[in-house]
1. Does Thr59 count as β-branched (Val, Ile, Thr), surrounded by fewer than 16 Cβ atoms within 10 Å (Cβ to Cβ) and modelled with pLDDT of 85 or more?
2. Within the set of pairs 6 or more residues apart or between chains, which connect a residue that is open to solvent by 40 Å² or more (accessible area, probe 1.4 Å) inside region 1-23 to a residue that is modelled with pLDDT of 90 or more and among the hydroxyl-bearing types (Ser, Thr, Tyr) with Cβ atoms less than 6 Å apart?
3. Enumerate the pairs (first residue in region 129-153 and under 15 Å from Ile199 (Cβ atoms) and among the aliphatic types (A, V, I, L, M); second residue anywhere and open to solvent by 60 Å² or more (accessible area, probe 1.4 Å) and part of a helix (DSSP H, G or I)) with beta-carbon separation below 9 Å, excluding pairs fewer than 6 apart on the same chain, so at least 6 apart or on different chains.
4. Under 6 Å between Cβ atoms, at least 6 apart or on separate chains: pull out the pairs that start in region 302-317 with a residue that is free of Cβ contacts under 8 Å to residues at least 12 places away in the same chain and end on any residue that is part of a helix (DSSP H, G or I) and open to solvent by less than 40 Å² (accessible area, probe 1.4 Å).
5. In this structure, is Ile68 more than 16 Å from the chain's Cα centre (by Cα) and surrounded by 20 or more Cβ atoms within 10 Å (Cβ to Cβ)?
6. Could you list all residues from region 309-339 that are polar (S, T, N, Q) and open to solvent by 30 Å² or more (accessible area, probe 1.4 Å)?
7. Among the helices (runs of 4 or more DSSP H) lying completely within region 1-89, list those that include at least 1 residues that are more than 30 Å from Ser117 (Cα to Cα) and acidic (Asp, Glu).
8. Got at least one residue in region 83-96 being open to solvent by less than 20 Å² (accessible area, probe 1.4 Å) and modelled with pLDDT of 90 or more?
Amino acid sequence: MDLETAYLVFGIAFGWIWSLGILLSPASLGERTRASLIMFCSSFWLVGAATFLSGLVKTYPILYAIHIPFALGIAPLLYIHFQITLLGLELSKKENLLHFLPILFSVILLLPFWLGSEEFRLRTLQEITQGKTYSSILVFLQITPKISILSYFLPLLWIYRSYLFRSEQDENEERARRMFLIFICLVCFVIFWGLTGSILRRIEFVKESIFSLPVLLVVGFLLSQREPNWLGFVGKSLREVRYKKSRLKGMDESKIKDRLETLMRREKVYADEDLTLSQLAEELGLTNHQLSEFLNQRLSMKFSDYINSWRVEEAKVLLLEDPDRSILAISESVGFNSKSAFNEAFKKFADSTPSEFRKTAVLYKASLKF
């Protein structure tokens, strides 16, 4: 193994170990899962680079482009993570799936290559420089992850430019902003440099971009260790910018709150496990953004937390009123689709597990009899 390949293998291993470490962090399950997948996919992108630069792809042609579906997942995952973690928005399942359609298309385009004979794969790779139709498609697929990342990142940077270039009174927030800005700019520059090299067929540009990726992984890890709350500061300020022009202006917010509580307390809409932000907004006669703003700015809660808080309160009542009913049955009746999600939410809003809560209540009732 040459030095270049060993360097890339180090980047792959570092990223995968970090992704496992993220899964063990104290953040919410959704946040951990998204961040871990982002790190895993980013590291898997280096697998394609390592197999190509080491020449391994010539010996095993099926390895060609195996990284593309993973690399195409980076931008959508980052976008969804950005929307949920930093902006506090909730995206519907349909919206989430739309962002991952390019992955499906890439797999469909790559299937003939992967399922073809060894001879077909070798011939296709040899025809890459000849401009044959299918070979040209494979070449284009190689640059789609870079296009995807830039098409997601650059518009977001433009939208929130007023935040990125402003000064903060709080020193910690100012430092977090600076770190966020520098890191995002570095990522965009590295990706753009690699894209430029691919378009101009300057292999040295492409290699410089590839070899910068492990460095970015290490830098990102060091920043996260030095400033573990930097995303919290960034998210707070981004939400302030986003809601600077309120979409609720001129609306009777007390009526919105009353109607919302009626839907929860009397109609118990939270018990629908498929309830989405869009459905609840429609019930209230609001847009998704208006409801999201109301929950985040007026109630200081994300949609999922707001719904889960009502579910947990209802579960508490059922746990006490019906001690013979199983915890799983109760979790399903209040709208949770899995026991693990129920336990996590219950712990968050009740500071105990459902079984601990029930046990404590039973002991308390028993003590009253003496």
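The values are calculated or read from the model by the stated rules, or taken from the named source; none is laboratory data. Every value quoted in this text rests on a predicted model; they were computed, and no experiment measured them. For neighbour counting, all protein chains shown are included, and Cβ atoms are generated from backbone atoms with ideal geometry for every residue, glycine included. Remember, those area values only see protein heavy atoms, side chains included, never the ligands or the DNA or RNA. Shrake-Rupley method; radii C 1.70, N 1.55, O 1.52, S 1.80 Å.
1. Against the criterion (β-branched (Val, Ile, Thr), surrounded by fewer than 16 Cβ atoms within 10 Å (Cβ to Cβ) and modelled with pLDDT of 85 or more), Thr59 qualifies.
2. Pairs that qualify, where the first residue is open to solvent by 40 Å² or more (accessible area, probe 1.4 Å) and the partner is modelled with pLDDT of 90 or more and among the hydroxyl-bearing types (Ser, Thr, Tyr), are Trp16/Ser43; Leu23/Ser36.
3. Pairs found: Leu141/Leu109; Ile143/Ile199; Leu150/Phe192.
4. Tyr306/Leu295
5. It is true that Ile68 is more than 16 Å from the chain's Cα centre (by Cα) and surrounded by 20 or more Cβ atoms within 10 Å (Cβ to Cβ).
6. Ser326, Ser333, Asn337, Ser338
7. Values: elements: 3-23, 29-53, 56-59, 68-72, 74-81.
Per the criteria, 3-23, 29-53.
8. Within region 83-96, none of the residues are open to solvent by less than 20 Å² (accessible area, probe 1.4 Å) and modelled with pLDDT of 90 or more.
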